[in-house]
Amino acid sequence: MKKYIISLFAVVLALASCVKDDEFLKEEYFYSSDATYFTSEANIIQSLNACYRHVEYLMVGQSHGQHSWMLQGMGLDTFASTNSGAEWAVNWPAINVGNGTTRHWYAELYKTISQCNNTIWYIDHNDVTYSTPTRKAELKAEATFIKAFAYRCLAAMFGNVPVIKERIFEPKYDYVPNTRQEVWEYEYEILKEAREALPTASRLTGTVTKAAADAYLAEVCLALGKFDEAIEAANRVINKQDGDYQIMRTRFGSRASEATDRYGNSLDAPKGAYWDLFREGGNQDPESGNKEAIWTLQYNYGTWSTGGGGDSWSKIRSNVLEAAWTSGLIVGNQATFVHDKKMYYKYGDNIACFAEGKIASTKVEPLDEDGKKVAESGKPASAEKYVASAVGRYLANIAQDSLGARVTYAGQVCVPTRYMWDKNRGDAFNLWKDETDFRGSETMIQRNWFTVGGTRFLDEKKAMYERQAAGLYTLTAADTMNTFIPRLWKFSDDKHPNGDNKAYNQEYYMIRVPEVYLLLAEAYLAKNDKAQAAAAINQVRSRAGAKDCSPSEVNIDYILDERARELFGEEHRWVTLNRLSCNPNCTYISDCYPVQDDVTSNTLYARTRKYGYGYENDANNSAGRREARTDGYGAWYSNITPHNYQFPIPTQVHDSNTGYDYPQNPGY
């Protein structure tokens, strides 16, 4: 055997010696191209997955920061940034052609379009065998829908942008922008195309269906003045032509057996179904029995420790949706937390308790599960030592409330405006005049934080300012920094998997059925059929246990208010208010917003001026960036201007588009 091996080696060596040097050294190239790689259904789906990934990156990729909250309307009428110096907070003039946030959205939306056009090209040109006769058309329709979503966002944020219908193979430097109207028309065209081929049930959890296409079709038809078509598209969803979608009115999901919330408030149906929508444990997916979710963005639930449910912009192995809305102080690095119905502030390493109109220093030592001080035991602190209902939650030694809502690094990002939560602000500012509305109840919006004496924090704060006005008390720096917001239970939970708050995971809603009803109501309003509009609105209100609205109450402001009540933090508020601004197709809003231009006023501007966050703690008015309010509803108006209803075209676009002079949006 040994001799055989030696002989074989000698033969191979001899053959190798006969190969010419230039042949031996010749390099061989192995490559993959569009033609060689995208040749199977699995390959096509990989390309399509990248389209979905772009959407998820835009919407939740930086949810620990502010980029991911722009489409939902950060800085407008419903919520603002916790950073009082942010451009979209009180420094709107800082939004200019070099602004990084607006550039991010412009660039990433076009990357999304490019990926969709590439995927469609592979489907149209490559020889692929598909698993079903309809699969090819369905996959193409999914990519087409996502492209329509991108143009929907571009129209709302920037208005005049180029429509790129097909894959680009060579560098191009002479893009000619289309008008916002033309972008809407293209979105309308490709949504109709996608709708025809999309399935009524999702291919996979989180993929789009006919219902998603019709929801956006109803919206863009409103923008284009095609009101009858908007009604038809909305009704296809509502009447289940597009699949089994409906407003949930029965309890469902991971906690459907619980009769009350953590404080003993009733969760009886149908109202309790609204609470169920926002519980973790997969409640946003159809597998839980949820028939209301039309399109959701997916997290890898339960895999946070290995990166699932994470944040694309940072090394955060947790879903920071909850942390972004955590109740707390909104200045500096200070935060609040509550235990045993006592509210505390954390200033660095010191903890202070607010009581009787002043800040009184005190110390609170977190205890571990054995009742020992965390500093001594090194164990995680148990929230159960603070709140008996917080079973399975742990209190880390970081700034957070007693249920452990805040997680390391990812802090509070968003703050709701008082229009969104304050029940005592007068009719003009009060979303929650109807005390029966479950969505504004303490079950969903925890307003009643308490001082050490057991009194309501807001009552004590009011009394403190009254004593100061009467000359009986002098406000300290600490007193002026106690701006405190409610806890929003649609973005938070009191139980987390494995007792670890970093594992908070909730799929993100992009479209829910109630939004389709409210689009239907708007279409009927546009046709001056207020009875039908009220009927559509009342389908949404009845689930919440709210009183019916009457036809005489229906106008665009009522619909925008109802959208805020039902869809706060979910709806793409920038899209909604933009399409109702400076749009000649929307004459039905003239009774509320008669002036529509980029110099005097428009809907987005007027709503923000009326309801936008005032940043009361900014005592120095940040070098005159805002105007003092005169209506008694806060210290300052937002300094938004009418032209801010659209963002500027980034300077990089102008610099690179050398073959055509791309016009800038007015005011920039």
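The values are calculated or read from the model by the stated rules, or taken from the named source; none is laboratory data. Keep in mind that what you see is a predicted model, and the values were worked out from it rather than measured. FYI the Cβ positions are ideal-geometry reconstructions off the backbone, even for glycines, and counts take in every protein chain you see.
Of all the residues in segment 507-533, those that are farther than 15 Å from Ile559 by Cβ and either of a type outside the set (Val, Ile, Thr) or at pLDDT below 95 (or both) number 5. Taken as a whole, the condition of being modelled with pLDDT of 75 or more, at positive phi, buried (at least 20 other Cβ atoms within 10 Å of the Cβ) and not aromatic (Phe, Trp, Tyr) does not apply to Gly61. When residues in segment 257-273 are screened for being of a type outside the set (Lys, Arg) and touching a helix residue (DSSP H, G or I) at 6+ places or on another chain (Cβ under 6 Å), 2 of them pass. Note on segment 576-591: residues that are surrounded by fewer than 16 Cβ atoms within 10 Å (Cβ to Cβ) and part of a loop (DSSP other than H, G, I, E, B) total 3.
For segment 33-41, does any single residue satisfy the condition of being crowded, with 22+ Cβ neighbours inside 10 Å, in contact with a Lys or Arg (Cβ under 9 Å, 6 or more places away or on another chain) and modelled with pLDDT of 90 or more? Looking through segment 33-41, none of the residues is crowded, with 22+ Cβ neighbours inside 10 Å, in contact with a Lys or Arg (Cβ under 9 Å, 6 or more places away or on another chain) and modelled with pLDDT of 90 or more. Of the residues making up segment 166-184, those that are in contact (Cβ under 8 Å) with a residue 40 or more places away in the chain, hydrophobic (A, V, I, L, M, F, W, C) and in a loop (DSSP other than H, G, I, E, B) are Ile168, Val176. Within segment 230-279, the set of residues being of a type in the set (Lys, Arg), surrounded by 19 or more Cβ atoms within 10 Å (Cβ to Cβ) and modelled with pLDDT of 95 or more comprises Arg236, Arg251, Lys271. Listed by first and then second residue, the pairs with beta-carbon distance under 9 Å, at least 6 apart or on different chains, first residue in segment 128-144 and of a type in the set (Lys, Arg), second modelled with pLDDT of 95 or more and assigned to a loop (DSSP other than H, G, I, E, B), are Arg135/Arg203; Lys136/Val128; Lys136/Tyr130. What residue, among those in segment 90-140 that are over 27 Å from Trp69 (Cα atoms) and of a type in the set (Gly, Ala, Ser), is nearest to the chain's Cα centre (by Cα)? Ranking the qualifying residues of segment 90-140, first place goes to Ala137. Residues in segment 601-649 that are surrounded by fewer than 22 Cβ atoms within 10 Å (Cβ to Cβ), assigned to a loop (DSSP other than H, G, I, E, B) and modelled with pLDDT of 95 or more: Ser601 alone. Would you call Phe169 over 28 Å from Gln284 (Cβ atoms) and surrounded by fewer than 20 Cβ atoms within 10 Å (Cβ to Cβ)? So Phe169 passes the test. Scan segment 75-83 and give yes if some residue there is touching a Leu at 6+ places or on another chain (Cβ under 6 Å), at pLDDT below 85 and either under 30 Å from Leu321 (Cβ atoms) or surrounded by 15 or more Cβ atoms within 10 Å (Cβ to Cβ) (or both), otherwise no. No.
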